[in-house]
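Everything below concerns the one structure shown next.
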Amino acid sequence: MGLVDDLLTVLSSYSGGYRLMRARIQGSNWRPNVKTSYNFQDASDATMRVTLSRLKRKGYVENKKGTWQITKAGRAYLAKKISSAFPTHSKRIIKQQPKSIIISFDIPETHKNKRDWLRIELSCLGFEMLQRSVWLGPSPIPQEFIDSLHKLQILQYIKFFEAKETDIV
């Protein structure tokens, strides 16, 4: 995915100020200056701001009082970017349930499109991105989603962890 797709993916599970959003895109939750292996770590502030401005002009994102959010049009655009060969679980959005499961994955670059699909689906299922490959969300996970992971042959790259509220600091 490109910078536009990554911005929309981050905003689909997070809305907030520019600095924290940039840190999440770079793969560092709280320290924007930490170098990571992420491809867009060297994207300048000007590039990020111009990209956000273009997305806003197209109606894919909005900025309300300094907080960036993805719009319905942005979600639709992002969903179209994923190949129709991948199943979608977007209709199973889980809202306002306690976050009690952590999903971690390390999907090889050869399966990049499947990895991108997974991020979008996790967002649609109510998960929140902690890092690019670590997500926190509600359980139970729909069996159809697990079946899709198995069908796409990426289940072997994914780990599931149960987290209780008392475990989370």
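The values are calculated or read from the model by the stated rules, or taken from the named source; none is laboratory data. A quick note: this is a predicted structure, and the numbers were derived from the prediction, not measured. Here the Cβ positions follow ideal geometry from the backbone for every residue, glycine too, while neighbour counts run over all protein chains shown.
Taking segment 144-164 only, how many residues are aromatic (F, W, Y) and touching a residue at least 60 places away in the same chain (Cβ under 8 Å)? Even if it seems obvious, please write down each step before you answer.
Filtering segment 144-164 for residues aromatic (F, W, Y) gives 145, 157, 160-161.
Subset that is touching a residue at least 60 places away in the same chain (Cβ under 8 Å): 161.
Selection size over segment 144-164: 1.
Residue count for segment 112-148 satisfying the condition of being touching a Leu at 6+ places or on another chain (Cβ under 9 Å), buried (at least 20 other Cβ atoms within 10 Å of the Cβ) and aliphatic (A, V, I, L, M): 3. Evaluating P98 against the criteria (1) touching an Asp or Glu at 6+ places or on another chain (Cβ under 9 Å); (2) surrounded by 17 or more Cβ atoms within 10 Å (Cβ to Cβ); (3) modelled with pLDDT under 90 leaves one unmet condition, (2). Looking only at residues of segment 67-85 that are out of contact with any Gly (no Cβ under 8 Å at 6 or more places or on another chain) and assigned to a loop (DSSP other than H, G, I, E, B), we find that the one that is modelled with the highest pLDDT is I82. The lone criterion from (1) at pLDDT 85 or above; (2) among the small types (G, A, S); (3) assigned to a loop (DSSP other than H, G, I, E, B) left unmet by S148 is number (3).
The residues in segment 29-61 that are more than 19 Å from C124 (Cα to Cα) and at pLDDT 75 or above can be counted, and the count is 16.
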